[in-house]
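A quick write-up on the structure given underneath.
The values are calculated or read from the model by the stated rules, or taken from the named source; none is laboratory data. Please read these numbers as outputs of a predicted model, since none were measured by experiment. Reconstructed Cβ throughout: ideal geometry from the backbone, glycine too, with neighbour counts over all protein chains shown.
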Amino acid sequence: MKYRIIVPLYNEARYIKKFLENMPSKHLSSLILVDDGSTDKTAKIVKENYPKTTLLQQKINLGKGKSMETGALRAIKDKADVLIFMDGDMQHKPTDIDRFLRAFKKQRRIDIIFGARTIGKNMRLAPFMGNKMLTIIINLFFKYFLNDTQCGFRGFRAKVFDKVRWRSSGYAAETEMVINAARNRLRYREISIDTVYLDHYKGTSIFDGVIILAKITIWKFFK
């Protein structure tokens with residue numbers, strides 16, 4: 001089973017070297033790092049320390065969703081069977097990749113696997129409440145029952161890419177992927193993962209949450 005691990009990056013100079021150092025060596029050749037127009041030394045650090053790692057660079061900041069799409073298209077060009085997405089800021093543990101791969105190998109009927117964070121254990125109150133609200137709404141609207149619809153650690157088989165493909169360029173892409181999977185009744189499962197919160201304002205903000213909520217409403221009632 002050929003796989004690719006897609007990691008969107010934006011100004012991750014603080015963590016990217018540690019992230020790559022913690023990545024099991026057997027996975028390094030399968031990494032597709034997508035630098036989304038970083039203005040810091042993210043790309044330079046990757047090139048100098050891991051020159052054999054696939055690094056795609058977007059000249060300007062296009063958003064996480066666009067970076068995910070860029071990585072996915074490259075993975076499909078590489079004829080990967082499975083695409084795994086994760087963040088490169090040390091919030092996701094590289095050692096969990098093997099758990100996704102084992103699940104895909106063992107459960108061949110599964111199309112998509114979502115990481116599910118231990119909600120409330122390490123998550124601050126505002127993200128916790130926002131995550132739960134969006135998850136409940138998606139579950140009710142689309143009858144696709146997940147514990148954590150906003151976790152960026154996830155994977156799917158390349159053959160279902162057209163069924164989950166998203167148009168959102170920003171953080172809403174991950175939500176759109178869930179909704180597309182629900183509409184196409186893709187077979188799924190969740191894997192419980194730990195998440196480490198390193199930066200107080202890392203990830204989606206309250207404003208991002210409002211945008212995602214608005215888009216969920218549009219996807220439900222107007223598409």
Qualifying residue in the range 38-48 (condition: acidic (Asp, Glu) and part of a helix (DSSP H, G or I)): yes
Residue 163, sole failed condition from (1) of a type outside the set (Asp, Glu); (2) touching a Leu at 6+ places or on another chain (Cβ under 8 Å); (3) modelled with pLDDT of 95 or more; (4) crowded, with 19+ Cβ neighbours inside 10 Å: (4)
Residue 136 being at pLDDT below 90 and either aliphatic (A, V, I, L, M) or surrounded by 16 or more Cβ atoms within 10 Å (Cβ to Cβ) (or both): no
Yes/no for residue 212 being crowded, with 16+ Cβ neighbours inside 10 Å, out of contact with any strand residue (DSSP E or B) (no Cβ under 9 Å at 6 or more places or on another chain), at pLDDT below 95 and not in a loop (DSSP other than H, G, I, E, B): yes
Count of residues meeting criterion [assigned to a helix (DSSP H, G or I) and surrounded by 13 or more Cβ atoms within 10 Å (Cβ to Cβ)] in the range 19-32: 4
Selection within the range 154-179 - of a type outside the set (A, V, I, L, M, F, W, C) and under 15 Å from the mean Cα position of the chain (by Cα): 154, 155, 157, 165, 167, 168, 169, 170, 171, 174, 175, 176
Residue 95 being among the polar types (S, T, N, Q), in contact with a strand residue (DSSP E or B) (Cβ under 9 Å, 6 or more places away or on another chain) and outside any loop (DSSP other than H, G, I, E, B): no
Tabulated pairs, the range 74-87, first within 21 Å of residue 191 (Cα to Cα), second assigned to a strand (DSSP E or B) and among the basic types (Lys, Arg), C-beta under 8 angstrom, 6+ apart or interchain: 81/157; 82/4; 82/157; 83/4; 83/157; 84/4; 84/154; 85/154
Failed item in (1) under 19 Å from residue 213 (Cβ atoms); (2) under 15 Å from the mean Cα position of the chain (by Cα); (3) in a helix (DSSP H, G or I), with residue 137 passing the rest: (2)
Filter result (of a type in the set (Asp, Glu) and farther than 26 Å from residue 161 by Cβ) within the range 1-46: 21, 40
Failed criterion for residue 217 (all others in (1) polar (S, T, N, Q); (2) in a loop (DSSP other than H, G, I, E, B); (3) modelled with pLDDT under 90 hold): (2)
